[in-house]
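A.B. asks: One structure follows; several queries about it will come next.
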Amino acid sequence: MNSSILRSHCPITTGIDVIGDKWTLLIIRHMLFRHKHTYGELLDMKEKIGTKILAERLKQLVADELIEKRNDPNNKKSFLYTLTDKGISTIDIMAKIIHFSVTHYHSQMVSKPIDKTKLSYIYMHSKSEAAFIKDSKKSYVKFRKALLNF
């Protein structure tokens with residue numbers, strides 16, 4: 001499998017080529033913050049990704065080494081998808097997007113009644129952006145270790 005074809009040596013263009021499509025960060029978000037790890041769980045996003053698009057994106061994320069695909073030891077017909085350390089590192093980018101959104105589109109981020117599971121709530125109630133990033137990484141790594149039994 002080939003990694004993303006890059007259009008130039010510009011670091012912004014490169015980043016957009018790898019993670020800038022409509023779905024990649026949403027798939028990673030679902031994995032990182034909601035600990036989703038099967039095709040069916042990833043398909044169940046509220047943004048309603050199509051099955052063909054999800055399959056293509058997962059293949060590309062594996063090729064770009066942002067996620068790993070493993071056989072599910074409990075079901076040989078199923079696969080487990082987990083973020084690599086490279087994939088986990090996208091949290092820094094997502095934190096900046098969250099900061100932008102809660103700063104400039106705050107009224108859209110606030111829900112009634114308060115939903116403490118929303119990223120905007122978690123982010124705004126963290127001690128700092130650094131704490132949000134650290135806690136989110138720690139939580140995912142702990143989840144990944146338990147899921148993969150290592």
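The values are calculated or read from the model by the stated rules, or taken from the named source; none is laboratory data. As the structure is a prediction and not an experimental result, all values here were calculated from the model. Cβ placement follows ideal geometry from the backbone for every residue including glycine, while neighbour counts extend to all protein chains displayed.
A.B. asks: Please work out which residue is surrounded by the fewest Cβ atoms within 10 Å (Cβ to Cβ), limiting yourself to segment 88-121 and to residues that are in contact with a Phe, Trp or Tyr (Cβ under 7 Å, 6 or more places away or on another chain) and either modelled with pLDDT of 95 or more or closer than 25 Å to W23 by Cβ (or both).
C.D. replies: The qualifying residue surrounded by the fewest Cβ atoms within 10 Å (Cβ to Cβ) is D115.
A.B. asks: How many residues are small (G, A, S) and either in contact with a Leu (Cβ under 8 Å, 6 or more places away or on another chain) or outside any helix (DSSP H, G or I) (or both) if we restrict to segment 17-49?
C.D. replies: So the count comes out to 1.
A.B. asks: Run T14 past the list (1) modelled with pLDDT of 95 or more; (2) in a helix (DSSP H, G or I); (3) polar (S, T, N, Q) and report the number of the one that doesn't hold.
C.D. replies: If we test T14 against (1) modelled with pLDDT of 95 or more; (2) in a helix (DSSP H, G or I); (3) polar (S, T, N, Q), just (1) comes out false.
A.B. asks: Only one of I53, I19, I49 is within 25 Å of K138 (Cα to Cα), out of contact with any Asp or Glu (no Cβ under 6 Å at 6 or more places or on another chain) and either surrounded by 17 or more Cβ atoms within 10 Å (Cβ to Cβ) or touching a residue at least 12 places away in the same chain (Cβ under 8 Å) (or both). Can you tell me which?
C.D. replies: So the residue among I53, I19, I49 that is within 25 Å of K138 (Cα to Cα), out of contact with any Asp or Glu (no Cβ under 6 Å at 6 or more places or on another chain) and either surrounded by 17 or more Cβ atoms within 10 Å (Cβ to Cβ) or touching a residue at least 12 places away in the same chain (Cβ under 8 Å) (or both) is I19.
Residue-wise test of (1) closer than 16 Å to M31 by Cβ; (2) part of a strand (DSSP E or B).
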site: K69; (1), (2): yes, yes
site: D92; (1), (2): yes, no
site: T103; (1), (2): no, no
site: D115; (1), (2): no, no
site: S120; (1), (2): no, no
site: A131; (1), (2): no, no
